[in-house]
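Peer 1: I have a structure I would like to understand better, so I am pasting it below and will then ask my questions one at a time.
The values are calculated or read from the model by the stated rules, or taken from the named source; none is laboratory data. Just so you know, these numbers come straight off a predicted model, no measurement behind them. Note that each Cβ is placed from the backbone with ideal geometry, even for glycine, and that neighbours are counted across all protein chains shown. The protein model used for the area step is the full one, side chains on, heavy atoms only, and it has no ligands, DNA or RNA in it. Shrake-Rupley method; radii C 1.70, N 1.55, O 1.52, S 1.80 Å.
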Amino acid sequence: MPVSLAPFVLRRPWLVKALTPIANWYTGAAGYRQVGLRYDDLLEEEREATQIALKRLSPKEAYERIYRIRRAQQCSYQHKILPRDQWTKPEDDIRYMKPILEQVEAELIEKDALDSMTVIKKH
């Protein structure tokens with residue numbers, strides 16, 4: 001599991017205030033919003049937890065995700081970005097997979113704990 005500094009930063013309001021402009025700049029510089037993607041569209045699909053979470057998406061959300069990814073691929077092929085009015089707005093860039101992914105990861109941890117359990121027979 002990667003170590004996160006987020007809890008440390010969030011407990012210090014002055015640090016949040018100082019780092020927010022840098023975080024906003026970095027998100028804009030990443031460029032994924034300029035091709036219409038959301039943050040969760042960039043998650044590694046090869047991970048087991050992500051695969052399970054993708055299967056749990058609603059049909060509408062799954063369709064919209066595939067549409068965003070295909071549109072971004074088309075932009076990449078053409079070496080273009082979308083018109084500014086079609087960029088993903090910060091308020092639209094919500095973490096739609098995060099709750100599902102957290103639940104799946106908790107289930108996988110529990111499964112691993114139960115699978116590694118040893119049974120000791122008493123005589």
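Peer 1: Would you work out the relative contact order for region 31-101, in percent, from Cα pairs under 8 angstrom that are 6 or more residues apart?
Peer 2: Computed value for region 31-101: 59 percent relative contact order.
Peer 1: With only alpha-carbon pairs counted, each pair once and no self-pairs, how large is the Kirkwood hydrodynamic radius of the chain in angstroms?
Peer 2: Averaging 1/r across every pair of different Cα atoms and inverting gives 17.5 Å.
Peer 1: Compute the relative contact order of the chain as a whole-number percentage, counting only Cα pairs closer than 8 Å that sit 6 or more residues apart in sequence.
Peer 2: 33
Peer 1: A further question follows. Run the simple label-point estimate for Arg11 and Glu48 please: 7 Å along Cα→C-beta, distance reported in nm.
Peer 2: Output for this residue pair reads 3.3 nm.
Peer 1: So, one more: In vacuo Debye scattering of region 61-120, one point per C-alpha: log10 I(q)/I(0) at q = 0.12, 0.18, 0.24 Å⁻¹?
Peer 2: After summing over all Cα pairs, the log10 values are -0.53, -0.80, -1.05.
Peer 1: Heavy-atom accessible area per residue, region 31-101, 1.4 Å probe: how many Å²?
Peer 2: Solvent-accessible surface per residue comes out at 69 Å².
Peer 1: In vacuo Debye scattering of region 31-101, one point per C-alpha: log10 I(q)/I(0) at q = 0.15, 0.27 Å⁻¹?
Peer 2: Those come out to -0.50, -1.28, one per q.
Peer 1: Next question, about the same structure. For Ala18 and Glu110, compute 0.36 nm times the residue count separating them, minus their Cα-Cα distance, and round to one decimal in nm. Intermediate values should be presented prior to the final figure.
Peer 2: Values: separation 92, 0.36 × 92 = 33.12 nm, distance 3.82 nm.
Result for the pair: 29.3 nm of gain on full extension.
Peer 1: With all protein chains present, how much of the accessible area of the chain (probe radius 1.4 Å) comes from carbon and sulfur, to the nearest whole percent?
Peer 2: 60
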